[in-house]
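To keep things clear, I will list the structure first and then write my remarks on it.
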Amino acid sequence: QIQEDLNKQLLDNLLSFLSRSHSEFQEKTTEWTCRMKFREIPTAALVLGVNVTDHDLTFRGLSDVLQDNITPYIALLEAKDCPGIKNLMQKLMGQLMHCDIDVDSLEDEDCVPVSHNRIRCSMSSLTSWYEGVTKKTDSETPSKKRNSSSRHWQSPPVVVIFKDMESFTTKVLQDFIVISSQHIHELPLVLIFGIATSPMIIHRLLPHSVSSLLCIELFQSLSCKEHLSTIIDKLLLTSRFPFKLGGKVLQVLINIFLYHDFSVQNFIKGFQLCIVEHFYSQPLSVLCCQLVDVKKRVYSLSHDQCENIRRLPSFRRYVEKQESGKQIELLTNDSFLKEETEKLLKDLHVYHENYVSILRCLHVFTSSLPKYPLGKQIRELHCACLENRVWETEEYESSLQLARMLNKTDLVTMLQQCVEILMSSSGKEFDKTVEKLKEFLTQFQNLEAEASQERDVSVSSQKELQKKTDLYHLQKTLLELKESRRSKKLTKFEMLRFEVVDYIDSLVRKYLVPADNRTLHEIVYFNAATVLRGHLNAAPRTALHTALNNPHWYLKNQALKCDGGGISNKAPDICIVYKLHLECGRLINLVDWLEAFSTVVMAAEEPNADAASSDQVDDIIHARFIRAVSELELLGFIKPSKQKTDHVARLTWGGC
């Protein structure tokens with residue numbers, strides 16, 4: 001929903017562009033006639049950024065909006081489905097003709113479903129089909145025509161979306177554009193190029209003779225960083241949702257976003273994974289709920305759940321700070337524990353409300369500083385406050401020093417923004433804070449009047465100085481002025497500025513205490529960064545080593561478990577071959593390897609008169625060995641050696 005809201009402006013601009021293109025064709029205006037003469041195709045270059053995994057959501061939203069407002073004839077093409085112009089035309093006509101077959105037309109006896117396999121895929125066929133469906137729409141009954149026209153235009157354009165333009169081959173694009181330009185006077189075609197890199201890619205892929213056939217208009221989406229900042233602001237920096245991410249966990253998700261894919265969708269999937277992991281692994285996650293539900297859930301706790309509360313490290317620290325009598329009650333009396341738990345959870349909710357408000361106020365100050373010591377984005381400031389006491393960091397001290405040099409205009413603007421933030425906050429503790437900030441604003445206004453009076457006094461003193469023509473008195477007055485400048489005290493503005501910065505500093509020290517210092521934070525905060533990193537950061541070699549060296553780990557079969565580094569003959573063949581290859585050097589003799597494999601496989605088998613002959617058994621073992629070695633080669637552990645034909649070379653070394 002947030003991403004749809006962020007893309008609304010972009011989609012509205014695209015709708016306006018398509019409406020203009022269509023209306024020109026519809027009315028046969030002079031502009032369309034000129035464009036038809038030059039065979040120009042209306043084209044939207046949609047720059048979406050390198051976060052390719054998020055593009056599908058944007059294109060789905062665009063397709064839905066177009067179908068609801070402009071046209072039912074939309075085709076979304078991907079490069080993997082269009083290696084040649086023939087494949088592109090088949091895909092295009094298949095999608096467009098499928099749009100024509102709706103429920104009403106299927107019920108009509110005169111309508112026959114058209115399969116693109118039975119029709120010649122060409123632009124002429126597409127033009128004939130379009131003329132047919134538009135004439136059919138014009139000949140409908142007035143009631144049907146009124147219903148259809150409420151959603152679509154009378155002669156709706158045909159929109160072709162190239163989702164990943166950079167991946168299309170140059171020849172396919174050139175051929176399609178040249179062919180389409182020859183039919184633009186009959187078919188209201190509109191192209192949309194999805195671009196991940198730069199609009200210049202159009203001119204790199206297409207020569208001038210082809211790009212001149214396009215009437216291109218550029219559209220730029222919001223950057224993925226702005227999307228992420230909005231997501232964090234709406235999902236994490238709010239008291240609406242009780243579940244919270246710890247500092248290290250949030251940093252893991254942000255690092256994956258910044259250094260891997262810039263994908264907001266993958267960030268959301270990581271966030272969902274944190275929710276699932278927290279509610280699965282934390283037995284007290286039942287208490288991670290809205291404030292109105294806290295009392296009901298606390299008093300429904302069982303004795304075992306009360307014991308889980310007593311085991312929490314933050315609760316132990318809380319108990320140690322209490323008097324001996326209260327300690328005994330907390331550790332032995334479940335009813336008293338529930339009352340105290342309810343109070344602590346409500347305090348935790350109040351802490352979150354106050355934390356978010358003061359964090360936004362601090363961000364107002366830090367984001368306007370010239371060097372951004374604490375970062376420009378609020379997510380960077382949030383991570384810094386979660387991980388440690390932000391006021392003890394060097395970056396915070398640098399920010400305070402820079403804030404003490406701000407001019408009056410900036411300070412007044414920041415204070416006004418802080419007043420708005422605190423007044424809109426649901427926290428009840430900020431009434432006095434708002435009054436104090438308003439008092440600062442009043443003092444700044446009073447300083448302006450005093451400053452104008454001081455300017456008048458200084459002008460009059462300079463005039464008196466000019467009247468003193470006596471050299472002795474003039475020299476004496478200048479020395480007094482020089483001495484007063486040396487021992488110059490802070491002005492009223494500077495003193496007030498210091499007072500404002502110190503007051504903001506006191507709010508930070510009071511309300512931006514790290515969540516780890518709050519009692520029962522484990523219930524609502526997910527801090528298992530190592531677990532999350534193990535899920536999201538792929539380590540294929542480690543996973544392969546674990547699967548091949550300890551097959552019971554994945555197969556959940558304890559019979560395959562071996563102690564002391566032994567090799568079980570019940571393990572899969574590839575696991576036996578892998579363990580044997582770990583004992584070898586750079587070159588492995590295949591004959592010796594086969595003998596060792598045969599020894600392990602036959603270790604637990606007893607001679608049986610009814611069994612197959614030994615030659616047949618050897619053939620079966622030999623075949624199993626060859627297959628296992630081939631699988632190891634496919635996984636990249638070994639390769640054939642050119643030095644010796646009956647040897648293979650080992651490719652991996654060291655532990656995982």
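The values are calculated or read from the model by the stated rules, or taken from the named source; none is laboratory data. Keep in mind it's a predicted model, so treat the numbers as computed, not measured. Every residue, glycine among them, receives a Cβ derived from its backbone with ideal geometry; neighbour counts consider all protein chains shown. Areas reflect the complete protein model, heavy atoms only, side chains present, ligands, DNA and RNA absent. Shrake-Rupley method; radii C 1.70, N 1.55, O 1.52, S 1.80 Å.
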- Computed magnitude of the charge dipole of the range 540-650 (debye, nearest 20; Cβ of K, R +1, Cβ of D, E -1): 800
- Note on the structure: Burial-style ranking of 414-420, 392-398, average other-beta-carbon count within 10 Å with highest first, yields 414-420, 392-398
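Largest first, how would 602, 93, 200 line up by accessible area (1.4 Å probe)?
200, 602, 93
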- Item | Too-long pairs where the Cα-Cα distance tops 22 Å, listed order kept, from 269/371; 321/436; 244/346; 248/376; 346/438; 579/639 | 269/371; 321/436; 346/438
- Item | Stretchable slack from residue 171 to residue 299, in nm (0.36 nm times residue separation minus alpha-carbon distance) | 39.0 nm
- Quick one: Debye curve from the C-alpha atoms of the range 195-238, no solvent, what's log10 I(q)/I(0) at q = 0.21, 0.24 Å⁻¹? -0.75, -0.86
- In nm, to one decimal, how far is the modelled label at residue 248 from the one at residue 546, with both set 7 Å along Cα→Cβ? 1.8
- Message: Going 7 Å from the Cα of residue 388 along its beta-carbon direction, which residues of the range 510-546 have the amide nitrogen within less than 20 Å of the resulting point?
- Response: 510-518, 527-530
- Stretch residue 201-residue 516 to full length: gain in nm at 0.36 nm per residue minus the Cα-Cα span? 108.5 nm
- Cut-off 16 Å (backbone N to label point 7 Å along Cα→Cβ of residue 307), residues of the range 313-347: 331-335
- Using a Förster distance of 51 angstrom, determine the FRET efficiency expected from the C-beta separation of residue 5 and residue 404, and round it to 0.05. 0.85
- Message: How much length would be gained if the chain were fully extended between residue 480 and residue 367, taking 0.36 nm per residue of separation minus their Cα-Cα distance, in nm to one decimal?
- Response: 36.4 nm
- Message: So, R0 is 56 Å and r is the distance between the beta-carbons of residue 90 and residue 619; what FRET efficiency does that work out to, to 0.05?
- Response: 0.65
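If R₀ is 60 angstrom, what is the calculated FRET efficiency for the pair residue 120 and residue 533, using the beta carbon separation as r and rounding to 0.05?
For R0 = 60 Å, the calculated efficiency reads 0.60.
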- Message: At 7 Å along Cα-to-Cβ for each site, give me the label-to-label distance between residue 627 and residue 339 in nm.
- Response: 7.0
- For the range 528-538, Karplus-derived ³J(HN,Hα) couplings (6.51, -1.76, 1.60; θ = phi - 60°; whole Hz; x for glycine and proline) come out as 7, 5, 5, 5, 5, 5, x, 6, 8, 8, 5
